[in-house]
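See structure below.
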Amino acid sequence: MIEDYIEEAYPKTVALKDGREASIRLFTPEDADRLLACYADVPAIEQALLWDDMTDPNAVERLSESSDIEYNVPLIAEMEGKVVAAATLIRTPNRWTKHAALVRIVVRPDYRRLGLARQMVSELKEIALHAGISLLNAECVAEEKDAIALFSNLGYVRVAHLPAYVQDSEGRPHDLVIMLSNIRAQEAYGGGD
Ligand SMILES: CC(C)(COP(=O)(O)OP(=O)(O)OC[C@H]1O[C@@H](n2cnc3c(N)ncnc32)[C@H](O)[C@@H]1OP(=O)(O)O)[C@@H](O)C(=O)NCCC(=O)NCCS
């Protein structure tokens, strides 16, 4: 059971590149204000490209309400009393895609390039493997070069480019890049994070 794995695995302390430590655990409704503060710290240009208006308390509330851990696993990383990163594993119960899940990750600007995203996505991968998932995908707006670099670095392959598939907060069109990782095959061959 994925629930049992999560209960056993978290909270987990991970070391970052600068020697500091972050604590990773499941998001709870009590974290909502600190999670909102994390998203509020993200530059406006990036916020405009996120999948939803994550500075809107309703969006974070929806995260709290998606309480079925089989289909929505929201993780946070904490440092110095702040939420510094949020990552979510999302899947649908459809027969077609129940072996697949979507990965989302945002790291607070002052805490980037420390390996936090790598650690968080790696945690989501472990959870996914325990949930019987074999394919993970990431949706990146084509301009999000850091995100594309991250997922490429983690062994994800660019499988689709959907022109003007995304609208930003102002309704402007952007291309969407879909990146995919076969985590079962990666495990079998010992590659990736
Ligand atoms: C993309 C993002 C999550 C990366 O977070 P991060 O904690 O800085 O990433 P990490 O430190 O774990 O970096 C892991 C690898 O990703 C790549 N990478 C990350 N940021 C990069 C950058 N600015 N330039 C080049 N490569 C980068 C590198 O290969 C890096 O490995 P290295 O540091 O050993 O070279 C962060 O920039 C972010 O939150 N961006 C805005 C939100 C977003 O685009 N989310 C993705 C949509 S799901």
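Structure notes:
- Spacing of the two label points (7 Å from each Cα toward its C-beta) at residue 95 and residue 112, in nm: 4.3
- Spin-label model distance (nm) - residue 71 vs residue 159, 7 Å beyond Cα toward Cβ: 2.1
- When the chain is treated as a Gaussian network with alpha carbon springs shorter than 10 Å, the biggest mean-square fluctuation among 145, 82, 125 belongs to 145.
- Calculated SAXS-style log₁₀ I(q)/I(0) at q = 0.09, 0.11 Å⁻¹ - the chain, Debye, Cα scatterers: -0.31, -0.47
- Hydrophobic, long helices, defined as DSSP H runs whose alpha-carbon span along the helix axis is 18 Å or greater and whose mean Kyte-Doolittle value is at least -0.5, occur in the chain at 116-130.
None of the figures in this text is laboratory data; all of them are computed from the coordinates on show. What you see is a predicted model; the values in this text were computed from it and never measured. Cβ: placed from backbone, ideal geometry, glycine included. Neighbour counts: every protein chain shown.
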